[in-house]
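Reading through the structure tokens given below for one structure.
Just so you know, all these numbers are worked out from the coordinates, no wet-lab data involved. Just so we're clear, the structure is a prediction, and the values are computed from it rather than from any experiment. No Cβ is skipped: glycine too gets one built from the backbone with ideal geometry, and neighbour counts run over all protein chains shown.
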Amino acid sequence: MLDGDERHLNIRAFSDKMRREAYERQKGKCPSCPPTGANKAKKWTIEEMEADHITPWSKGGKTDSKNCQILCKDCNRRKAGK
Ligand SMILES: [Zn+2]
């Protein structure tokens, strides 16, 4: 993959490495699930989660590990639909 190359920070897709780092940082939890939701305490597998820009890419958020969070697929889909 293209990790660590500044030239690639303007691309939209997170690398597998950034995705894995966010997953480890969050310990498999989804920060976006509603507190009352059944999925809140769930530990997801990395395959069930998708990388997301904390500051949206469309608003100038970079594709780097600091701006990467990982959401469960349900939340990611909900967010994408906004
Ligand atoms: Zn979620």
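Annotation: extensible slack from Asp74 through Lys40 equals 11.1 nm (criterion: 0.36 nm per residue apart, minus Cα-Cα distance). Cβ-to-Cβ counts within 10 Å put Asp74, Asp52 in ascending order as Asp74, Asp52, the fewest first.
Computed on the Cα trace of the chain, the radius of gyration divided by the Kirkwood hydrodynamic radius gives Rg/Rh = 0.97. Within the stretch 15-67, the trypsin sites (Lys or Arg not before Pro) that combine a DSSP coil assignment with at most 11 other C-beta atoms in a 10 angstrom radius are Lys27, Lys43. Calculate the spin-label point distance for Glu47 paired with Glu24, positioning each point 7 Å from the Cα along the beta-carbon direction, and give it in nanometres. Between Glu24 and Glu47, the label points sit 2.1 nm apart. Exposure proxy ranking for Thr55, Thr36, Thr63, based on other Cβ atoms within 10 angstrom of each Cβ and starting from the fewest, stands as Thr36, Thr55, Thr63. Per-residue Karplus couplings for the stretch 24-29, computed as 6.51 cos²θ - 1.76 cosθ + 1.60 with θ equal to phi - 60°, are listed in order as 5, 4, 8, 6, x, 9 Hz, Gly and Pro entered as x.
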